[in-house]
1. Considering only residues that are modelled with pLDDT of 95 or more, out of contact with any Pro (no Cβ under 6 Å at 6 or more places or on another chain) and open to solvent by less than 10 Å² (accessible area, probe 1.4 Å), which ones fall in region A:311-322?
2. List the number of the failed condition for A:Asn105; all other conditions in (1) loosely packed, with under 15 Cβ neighbours inside 10 Å; (2) out of contact with any strand residue (DSSP E or B) (no Cβ under 6 Å at 6 or more places or on another chain) hold.
3. List the residue pairs whose Cβ atoms are under 6 Å apart, where the first residue sits in region A:229-245 and is over 15 Å from A:Glu435 (Cα atoms), the second is open to solvent by 50 Å² or more (accessible area, probe 1.4 Å) and not in a loop (DSSP other than H, G, I, E, B), and the two are 6 or more positions apart or on different chains.
4. Would you please list the contacts, defined by Cβ atoms under 6 Å and residues six or more apart or on different chains, that run from a residue in region B:199-218 that is within 18 Å of B:Phe109 (Cα to Cα) to a residue that is not in a helix (DSSP H, G or I)?
5. Exactly one condition in (1) of a type in the set (D, E, K, R); (2) closer than 19 Å to A:Asp332 by Cβ; (3) open to solvent by 40 Å² or more (accessible area, probe 1.4 Å); (4) modelled with pLDDT of 95 or more is false for A:Asp83; which is it?
6. Would you kindly identify the helices (runs of 4 or more DSSP H) lying entirely within region A:66-181 that contain at least 1 residues that are of a type in the set (Lys, Arg) and in contact (Cβ under 8 Å) with a residue 60 or more places away in the chain?
7. I'd like the residue in region B:40-80 that is within 14 Å of another protein chain (Cβ to nearest Cβ) and assigned to a helix (DSSP H, G or I) and, out of all such residues, is surrounded by the fewest Cβ atoms within 10 Å (Cβ to Cβ).
8. Among the residues of region B:266-289, write down those that are within 27 Å of B:Trp144 (Cβ to Cβ), open to solvent by less than 20 Å² (accessible area, probe 1.4 Å) and within 12 Å of chain A (Cβ to nearest Cβ).
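The values are calculated or read from the model by the stated rules, or taken from the named source; none is laboratory data. Remember, predicted model here, so these are calculated numbers, not experimental data. Glycine also receives a Cβ, built like all others from the backbone with ideal geometry; neighbour counts cover every protein chain displayed. For the accessible areas, the whole protein counts, side chains as well, though only heavy atoms, and no ligand, DNA or RNA atoms are used. Shrake-Rupley method; radii C 1.70, N 1.55, O 1.52, S 1.80 Å.
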Amino acid sequence: MTTTKTLLGATALTAVASLTAPAAGAEELTLCWAAWDPANALVELSKEFEEQSGNTMNFEFVPWPNFADRMLNELNSGGQLCDLLIGDSQWIGGGAENGHYVQLNEFFDAEGISMDDFAPATVYAYSTWPKGSPNYYALPAMGDANGWFYRKDWFTDPEIMAAYTEETGEELREPQSQRELMQIAKFFQGREIDGQTRYGASIFTERGSEGITMGATGALYAFGFKYENEPGSYDMEGAVNSAEAIEGLEFYKELYECCTPPGYTDSYMEQSLDAFKSGQVAMAMNWFAFFPGLHADPDIGGDKIDFFVNPPQNVAASTLGGQGISVVAYSDKKDAALDYIKWFAQPDVQAKWWALGGYSAHNSVLNDPGFEASAPFAGDFLVAMDGVQDFWQEPAYAELLLAMQKRLHDYIVADQGTAEEALNKLIEDWQETFEDEGKL
Amino acid sequence: MTDSPVDKLARATPQPVARRVRGLSDRAIAWIFVAPTIFLLLAVNIFPLIWTIRLSFTNFRANRPNREVEWVGLRNYERILTDSDIWLTMQATAHFLFWTILLQVLIGFTIAWLINRNFKGSAFWTTVIVLPMMLSPAVVGNFWTFLYQPQIGLFNYAVSFFTGVDPSSFSMIGSVNLAPWSIIIVDTWMWTPFVMLICLAGLRSIPDSIYEAAEVDRASPWRQFWTITVPMVLPFLMLAVLFRGIENFKMFDLVVQLTGGGPGSITELTSINLKREAFEKWRTGYASAYAIILFVTVFGLASIYVKALNKVKER
């Protein structure tokens, strides 16, 4: 009797276990990324992968100001927290050279994943190291660029439009140049609208991570700033501190001084969104990644908002954002992680990714005839991605970035020295870094 | 004659072991007890220090373990000592140290002197006054950023109330001129109670009989203050200065939360700068040299100061 009971119990346990446990070989994968709107969309999207593969997805999302610090420390220490990492584009050099990322060429070949299926700018920026070579360390996961949005309801208000025309002699419209953007920002600065004081624009001025660099390069690129005279030469004299670069930097400082809300000295994505959502500013810069959320916002979205690409001045250019997805070399679940990438690369998954609010870089999505009409910012996204420029992607990227953060913040916010001095010092810093790297 | 516990233990121990225990000298037993502590001290203090000194002569980067490490001699030290940006952070640190210590000593001593009058409710006010130092520096830094906010901040409104200046016309943490003072104000708000407590201990340690004797000699309260109170509290005050000096030399969390070292690098104290070099730029060799320079500076200054403190105590 006892034996029968034992057998029955064991059978029942086995049956329960077989029903509740994941499929054989199922893994628990951890995907690391920044904590922001698209990350939530990815959680939703990944449920399909869990259903299909039997694997369980865990997510480690870190707020942007700490993202680089936290994740680069994780990689540098050989940590196994992340099996998959959607790392910033600038990390690709360090990820590849320091052996943090798995090279994906063989995997792509074996699984028939072609980089030709993705937008060339994203492949170049998010996947390759050395730059432009056919060595892939990531799959383009999230296309992004720094763009602008504005209060359409104010821009189309007849009274405000008339006041603008009276003041400037021009029509109030989406700015077609950096100078026009400043003119509009000046117009709105301190203006009373609906009984409240409004300001011109919220821009990036953050000191600690990458904020002011990402913001100021929007103006610098548009004026004609270049990192090198010849790509790959590390010859920066005359490029980084060219007359156009100096003019661009002076422009950004003036924009900060003339047209931002009071106390706007250390602001990045969150602060820019807050300033716009609270109705303080007429225009704001931020990453396209936030645009779906902004458009859906019940208070300032819908008809009240519209979007525009970073305006050109001498050049049509936008600061690149976005990331590729990589398999972390220290993971002991690489096969399952590669399965995720294989699943993610499928055109139908990419279409769902865009529909959920992620910016697919897959040609099947971007070249779809209905893409431009699918969202009010979709067309702008395509234009922006055509002219993106990125920061150094060298292994010493963090050092190069911190130097630029310091020089720009010292000049723009702390009002120390001139634009030319700031850029000259930046060249000195970067030359020192490249000398240490053995590249100069 | 009664057996000692050691003898009893030795008798109860099997013969070979007992012989060995009996064979140990007191010094050997002492070493056995002290050895783990010494080992721990060497492992967590001395070895890292020696290792840091060694790294300071190399171009080692902790994020590039596979890169060949080169011996660069004194190059890191030379770079640091000739870097004008580092001297600016030293200046920012000196400014912060000087003013925080001065204000905390003056205000802390004054409050302690008032509390020591033993007025009604003095115990309650002592508790209220020490509350800020019980808070986390990160929390303090965070909520002061709100207090300093030009549009909604209470601090700006208070200044506006008393001076009539438009609250949104100035930014404490965004202005080059005001930002150094913004961190001094917060640190003083937070740590004055600590100095006050030490001063209060000093004031309460002065016997009443000394004041009574001074009154018999018809010494005025002013004279009693300068010839009794101040000299007898001075060692306590100096101790408070030492503690606050060391703490503020390595100040990090509060300032990072408040200003992040900005605007520009105006409030970038040496500890913040060092952290950026070591754990953001990953220039480990360079940062090691930087740390050694700071260590020698603090150690040297503290040694001189402690000697002065001992002299004051001897008087």
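1. Scanning region A:311-322 gives A:Ala317, A:Ser318, A:Thr319.
2. Evaluating A:Asn105 over (1) loosely packed, with under 15 Cβ neighbours inside 10 Å; (2) out of contact with any strand residue (DSSP E or B) (no Cβ under 6 Å at 6 or more places or on another chain) leaves (2) as the failure.
3. A:Asn241/A:Asn424
4. B:Leu203/B:Asn116
5. Evaluating A:Asp83 over (1) of a type in the set (D, E, K, R); (2) closer than 19 Å to A:Asp332 by Cβ; (3) open to solvent by 40 Å² or more (accessible area, probe 1.4 Å); (4) modelled with pLDDT of 95 or more leaves (3) as the failure.
6. Result: A:152-155.
7. Of everything passing the filter in region B:40-80, B:Glu78 is surrounded by the fewest Cβ atoms within 10 Å (Cβ to Cβ).
8. B:Thr267, B:Glu268, B:Ile272, B:Asn273, B:Glu277, B:Ala278
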